[in-house]
1. Which residues, taken from the range 1-16, are assigned to a helix (DSSP H, G or I) and loosely packed, with under 12 Cβ neighbours inside 10 Å?
2. Restricting to the range 17-54, count the residues that are exposed (fewer than 15 other Cβ atoms within 10 Å of the Cβ) and of a type in the set (Val, Ile, Thr).
3. What are the residues in the range 30-45 that are over 13 Å from the mean Cα position of the chain (by Cα) and either among the basic types (Lys, Arg) or in a helix (DSSP H, G or I) (or both), if any?
Amino acid sequence: MLPVIVVVLALAGLWAWALIDVLSWPSATWEVADLSKARWVVRILLLGVIGVVLYVRSARRPLRAAYLTIRTAG
C-alpha cells in the first residue's frame, strides 16, 4: 500500500509543479513562443500526467528560448 501512496503523491507533485511552471512564465514569453498559456493549463488539468509529459516535451524548450530572446533583446 505504501508504494502506491508514494507513486500517487509523486505524480500529484509533478502535476502541481507543471501547473505552477505554466503559470509562472510571463505572458510575453508565451506570445514570443507562439504558445497559449490557457491551452496548456487546460491540457495539464484534463490529461494529468500525460499533459505534464506533453508540456515538458513540447512547450518548455520553446518557452526557454523565447525567454532568452526577450531577456537579451531588452
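Values in this text are rule-based calculations from the coordinates and carry no lab data. Note that the structure is a prediction, hence the values are computed from the model and not measured. Here Cβ is always computed from backbone atoms with ideal geometry, including for glycine, and neighbour counts include all displayed protein chains.
1. If we filter the range 1-16 for residues that are assigned to a helix (DSSP H, G or I), which is where we start, we get 2-16.
Of everything in the range 1-16, those that are assigned to a helix (DSSP H, G or I) and loosely packed, with under 12 Cβ neighbours inside 10 Å turn out to be Leu2, Pro3, Val4, Ile5, Val6, Val7, Val8, Leu9, Ala10, Gly13.
2. Within the range 17-54, residues that are exposed (fewer than 15 other Cβ atoms within 10 Å of the Cβ) and of a type in the set (Val, Ile, Thr) number 5.
3. Filtering the range 30-45 for residues over 13 Å from the mean Cα position of the chain (by Cα) gives 31-34.
Scanning the range 30-45 gives Glu31, Val32.
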